[in-house]
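Worksheet: the structure to be examined is printed underneath.
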Amino acid sequence: MLVNTKLQYRLLARNTRYSFIDGITFALMQGATVPYLGLYILRFGGSADLVSLIAAIQPVVLFIGSLLAASYVNRFERKKDVVIPYSLAVRLVLLLIAAIPLLPGSWYPWALFVFWGLMYVPWAFSGLSWSLMISNIVPDSQRGSFFGTRNAITGFSTLVGTFLTGLVLARMPFLPAFTMIFVLSFISTMISQYFLTLHMEPVVAGPNEPKRTIKPGKTSLNLRDNLLTFQHPLYGRIFALSCVALFVFHIGYSMAIPLYMLRQVKQLGFDNTLVALITTVQSLTALVGSYIGGRSSDRWGYRYVFLYSTLLSIIPPLIWAVTNQLPWLILASLINGLAGNAYMICFLYMVLAHSPYENRSRFVAVNTAIGNLAGTIGPLLGMFLIKAPAINIQGALIIAAVFMLSGSLYAFRVAKDGNF
């Protein structure tokens, strides 16, 4: 099977429109949930440890799930056949989360933790296959701009979700507000699901090749084949180097995320309204970061965006560590939104620019697994560091910045040796 480029360009405008609407409606849910996870846990009476654990559960599940999914997804010529059922399963879990207030009160924080982690089991399969589906839909020369523009648009939708959720949390009792937020999130994601089903993937049978949607062979967890990506004669070395840079940097990046919320709520005593303000400010600059990151990746290359975004991302944890002044903290959130989203463009999609078409699912799976392994280690390491009296939250933020600086040094090597 191969991508029919004529069909790809003919369907591009329609697929792009469907993808943007799908992203906008799905991002409303993300804006209403992800930025407030730590707050939901704390308002449910959960501990600071559980705030770190819920930040770590996503990458743990995605790390394992991506490796499991690689061989399975690789069998499907049309990745949409995997995307649709697994993305529906993701959305159905939101209903379980909405029903948490029906459980005994002592179960609330741990129920949120368990259901949130459960959601990422089908997400691992749908996310991996979605990236590969989009790589078939969008031409190589336009991929960075596509992801940048889409992320900017969905970033605005995330901002709307974050802002409206902040208003709801500030004006309603917490438990009914929580249920309403997740019920509306489910409705929004089902609209997203509808437009996801409308995508058309321009994959056709090659010359003298039988038409099929699934490759022959047995599905299994083939770890050895995944590791062989590092030995690929053309892409192996630079892929390995980019994975090292990603792994080291992402430990610090993911460590800092729950620490920001703990610093706001536990140390500075910010209320729901002020937390929502800071989160909204960060979401606003994330729009610019996504758009510039994507466009710059097409123009100058992913490797340079990767380098400069990682360097800029070192600044926010240092500001949060050394000052309590609100203007400086807002500035840190501005920088974090700008640089962080440009970095995430590279984290998620740079692998598509330095991997072969054949068996690309294994490269994407390894890249995802490496990033999510780091995303698991970071919050857990932060959780242990804040318990040390000589370190606490500020010290942990400085250590996170050190990890990020180390990753940036590897990113310099990627920029120097890469050609993508």
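Annotations for the structure displayed:
- Residue check for Gln267: of a type in the set (S, T, N, Q) and either under 27 Å from Gly65 (Cα atoms) or modelled with pLDDT of 80 or more (or both): no
- Tabulated pairs, region 145-165, first free of Cβ contacts under 8 Å to residues at least 12 places away in the same chain, second of a type outside the set (Phe, Trp, Tyr) and buried (at least 24 other Cβ atoms within 10 Å of the Cβ), C-beta under 6 angstrom, 6+ apart or interchain: none
One line per residue, one yes/no per condition, for (1) of a type in the set (S, T, N, Q); (2) touching a residue at least 12 places away in the same chain (Cβ under 8 Å); (3) within 22 Å of Gly407 (Cα to Cα):
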site	(1), (2), (3)
Leu234	no, yes, no
Tyr253	no, yes, yes
Gln264	yes, yes, no
Gly269	no, no, no
Val275	no, yes, no
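- Scope region 383-420; condition of a type in the set (Phe, Trp, Tyr) and over 23 Å from Ser355 (Cα atoms); matching residues: Phe384, Phe403
- Any hit, region 401-410, residues being touching a helix residue (DSSP H, G or I) at 6+ places or on another chain (Cβ under 6 Å), part of a helix (DSSP H, G or I), of a type in the set (A, V, I, L, M) and farther than 30 Å from Val73 by Cβ: yes
- Screening the candidates Lys416, Lys387 for the property of being basic (Lys, Arg), at pLDDT below 85 and within 21 Å of Pro233 (Cα to Cα) yields one hit, Lys416.
- Among (1) more than 27 Å from Leu268 (Cα to Cα); (2) touching a residue at least 60 places away in the same chain (Cβ under 8 Å); (3) touching a helix residue (DSSP H, G or I) at 6+ places or on another chain (Cβ under 7 Å); (4) outside any loop (DSSP other than H, G, I, E, B), the one test that Phe420 misses: (4)
- Residues within region 166-195 that are among the aliphatic types (A, V, I, L, M), within 18 Å of Ala276 (Cα to Cα) and either outside any helix (DSSP H, G or I) or touching a residue at least 40 places away in the same chain (Cβ under 8 Å) (or both), tallied: 6
- Evaluation of Val93 against (1) closer than 14 Å to Trp130 by Cβ; (2) free of Cβ contacts under 8 Å to residues at least 40 places away in the same chain (one fails), failing number: (1)
- Qualifying residue in region 135-148 (condition: among the hydrophobic types (A, V, I, L, M, F, W, C), surrounded by 18 or more Cβ atoms within 10 Å (Cβ to Cβ) and not in a helix (DSSP H, G or I)): yes
- Filter result for the condition that a residue is in contact with a Gly (Cβ under 9 Å, 6 or more places away or on another chain) and within 21 Å of Gly38 (Cβ to Cβ), over Phe125, Phe113: Phe113
- Pairs where the first residue, in region 15-27, is among the aromatic types (Phe, Trp, Tyr) and the second is outside any helix (DSSP H, G or I) and surrounded by fewer than 18 Cβ atoms within 10 Å (Cβ to Cβ), C-beta under 7 Å, 6+ apart: Tyr18/Leu198
The values are calculated or read from the model by the stated rules, or taken from the named source; none is laboratory data. Since we're looking at a predicted model, the values are computed, not measured. Counting neighbours? That spans all protein chains shown, and the Cβs are built from the backbone with ideal geometry, glycine included.
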